Structures are given as C-alpha cells and as structure tokens.
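Reviewing the structure listed below.
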Amino acid sequence: MPDHVQVADRHRDPYAWALEEAALLRRGGAGLKAVDAAALGEFLEEWADAMLSAARSQLVNLMAHATKAALSRNPDVVGHWRSECIEFHDRLIDEYRPSMRDKIDMSVLWTRAGRKVFASFADHGEPQPQLPAECPFTLDQLLDPDLDLDILVAAVKVS
C-alpha cells in the first residue's frame, strides 16, 4: 500500500493539490514516483502565468491612476487616486520579477490603462481626457522602489 494517497483534485482544489505534490517532492524516493509530473508541469506554467498577470494588472492600475490624478478636473478625487497609486505600486513591487520583463508590453498595457481612465472619467461625469498616444511611462519608472508619484503625474501632463 502506498504511503501517500493523493486526495486533492488539481482542478477543484489546486491549493491542496499543490501542497500534496510539494510534500511528495520533498519526500523524494518513492514519493517521487507518485508525483504527477505532467500535471505538475502544467500547474507550474499556469502559476507562472498567474504571477505575470498579477504584475501586469498592477502596472495597468498604477498607470491608470497616475493618469487620472494628472488629468482629472475634480480635486475631490485626485487625492484618492494618488493614494491608490501607492497601493498599486506596493503590490507591483511585491509581484514583479525580473524574468517577467520580456513578457511585458507597455504599449498593450497603456491601452488597457486608457480604457480604465475613460471609464472612470465617464463614471465621475468628467469629459473624456486626451491621453498620450504612446505610453508616457517606462517600466523602470514604475518599478522604482522610490517611486516619485509627482514625476509620473508630470509625465502624463507633458506628453
């Protein structure tokens, strides 16, 4: 009788499944024979995609909120959007890994950020702003641990 019977279903409870697979890997020896290598490989690729998606999402949110703070005519919401920038930046710093750089297309993310800006302005009764055609931010600016929000806001205004 095997010393480990896998009980978690990868698709129903990927968290429990991953923990069981990790335990098998750590156990080594006979435990390695019980590892579902194909499913584990697929799971790791999905997990990597999810990590990349989370970093991209924080980039989009940071760019959108910096843009809203730069272009809004409503002083009652600018402070909130600036505070949100700090939150999104903190999450970005936690989630980004240097190996993601080649998978980040700032132009595509800028388009997504623009959609968020347009929707937010419409929701707040502000006229649709004129956004820079090209992304006014660099990835390095957004990843700077000492992010200067005023520089991001200025980048949108001068573009």
request  = Would you work out which of Ala16, Gly29, Asn61 lies farthest towards the positive end of the dipole of segment 13-61? Charges go on Cβ: Lys and Arg +1, Asp and Glu -1.
outcome  = Gly29
inquiry  = Rounded to whole Å, give me the distance from the Cα center of segment 97-147 to that of segment 25-59.
reply    = 30
query = Going by how many other beta carbons lie within 10 Å of each one, how would you line up His65, His11, fewest first?
reply = His11, His65
ask   = What is the spin-label model distance, in nm, from His80 to Asp9 if the labels are put 7 Å beyond Cα along the C-beta direction?
value = 4.2
query = Which value in nm describes the separation of the simple spin-label points at Asp140 and His124, placed 7 Å from the Cα toward the beta carbon?
reply = 3.1
key: Straight-distance crosslink candidates among lysines, where the alpha carbon sits under 28 Å from Lys103 and sequence neighbours closer than 8 are dropped   = Lys68, Lys116, Lys157
ask   = By how many degrees, between 0 and 90 and to the nearest 10, does the Cα long axis of helix 106-123 differ from the longest principal axis of the chain?
value = 60
request  = Set Lys and Arg Cβ to +1 and Asp and Glu Cβ to -1, take the dipole of segment 78-140 about its Cα centre, and tell me which of Gly79, Ile93, Pro132 lies farthest positive.
outcome  = Pro132
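Taken together, the values in this text are just the output of simple stated rules run on the coordinates, not laboratory data. Quick caveat, the model's predicted, so the values are computed rather than measured. Note: ideal-geometry Cβ built from the backbone for every residue, glycine included; neighbour counts use all protein chains shown.
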